[in-house]
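Written out below as structure tokens is the structure these notes cover.
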Amino acid sequence: MGNILIVEDDPSIRKLVRVNLVKRGYTVSEAEDSHKALAIFQEEQVDLVLLDLVLPGLSGVDVCAWIRARSDVPIIILSARMEEDLKVAALDAGADDYVTKPFGSEELLARVRAFLRRSYVSAKTDGALIQIGELQIDLSGRRVFIGENDLHLTRTEYALLAELAQHLDSIITHDELITRIWGPEYRGSNHYLHTYLGRLRKKLGEYSDLLETVPGMGYNLHSKKIY
């Protein structure tokens, strides 16, 4: 099922999350502060991290950046509503998703299931390299470059771009894209697309015009840059 690391200093939240995960067959490791979290991550096989943003020691943002520099393991942020700036910083540091406290157990479990079952690239696309100008999308290495500059996309940002790249010049509807990346339980959650595609456009820089929003329909990645 997978080993999930919970990094949360509130013991009541930690217990609630642990009980629900264990009940569904997951193995759980727990850390109440950043230092223990980093130690566990180095010592154990971790398949997904649930990460609080306000922690004793290093901040959750720092923990996120440390993990992302070493691994592409999925990171789901647990954030309070007043921590909007920290949440944005964590997404910049490489977090894949977030849930806002207080959250429902089923909502969190759905996010966990979606990330643990996700397969970003099908076998038939292994070895493919899509190039548009200096933009290179390496579907086998799961990396994206502009020239020699690695864009360091998060797993979710890469998944979105790879999905669109495999359907160049074709419109993918909102629900189709959400279902392929997050799963059918996320249908209708268009704010996810707005958030992550906005971040993807920012990282694409001068190539952001390749990614077109088609009002009322969905998204299209063009095969030619408009100069």
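Could you tell me what percent of the accessible area of the stretch 1-65 is made up of carbon and sulfur, with a 1.4 Å probe and every protein chain present?
Values: 1520 of 2930 Å².
In the stretch 1-65, the share of accessible area belonging to carbon and sulfur is 52 percent.
Spin-label model, E107/L168: points 7 Å from Cα along the beta carbon direction are separated by 4.0 nm. Between E43 and E84, the distance separating the two model label sites (each 7 Å from Cα on the Cα→Cβ line) works out to 4.0 nm. The stretch 112-218 gives an Rg/Rh value of 0.94, both radii derived from C-alpha positions and Rh following Kirkwood.
Residues in the stretch 14-135 average 47 Å² of solvent-accessible surface per residue, probe 1.4 Å, ligands and nucleic acids excluded. Loop-located GluC sites (Glu not before Pro) across the stretch 93-195 with a Cβ neighbour count of 13 or fewer within 10 Å are E134, E148, with loop assigned by DSSP. Computed extension length for R24-R143: 39.5 nm, one decimal, from 0.36 nm per residue of separation with the Cα-Cα distance subtracted.
Listed cross-link partners K23/K202; K101/K202; K23/K87; K15/K202; K15/K203 are compared with a 31 Å cut-off, the Cα-Cα value being larger for K23/K202; K15/K202; K15/K203.
For the chain, what does -39500 (n - 2.57) per DSSP helix run (n ≥ 4), summed and divided by total residues, give at 222 nm, in deg cm²/dmol to the nearest 500?
-11500 deg cm²/dmol
The values are calculated or read from the model by the stated rules, or taken from the named source; none is laboratory data. Predicted model only: the values in this text are computed from it and were never measured. So basically every Cβ, Gly included, is an ideal-geometry build from the backbone, and we count neighbours across all protein chains shown. When the accessible area is computed, the model is the full protein with side chains, heavy atoms only, and any ligands, DNA or RNA have been set aside. Shrake-Rupley method; radii C 1.70, N 1.55, O 1.52, S 1.80 Å.
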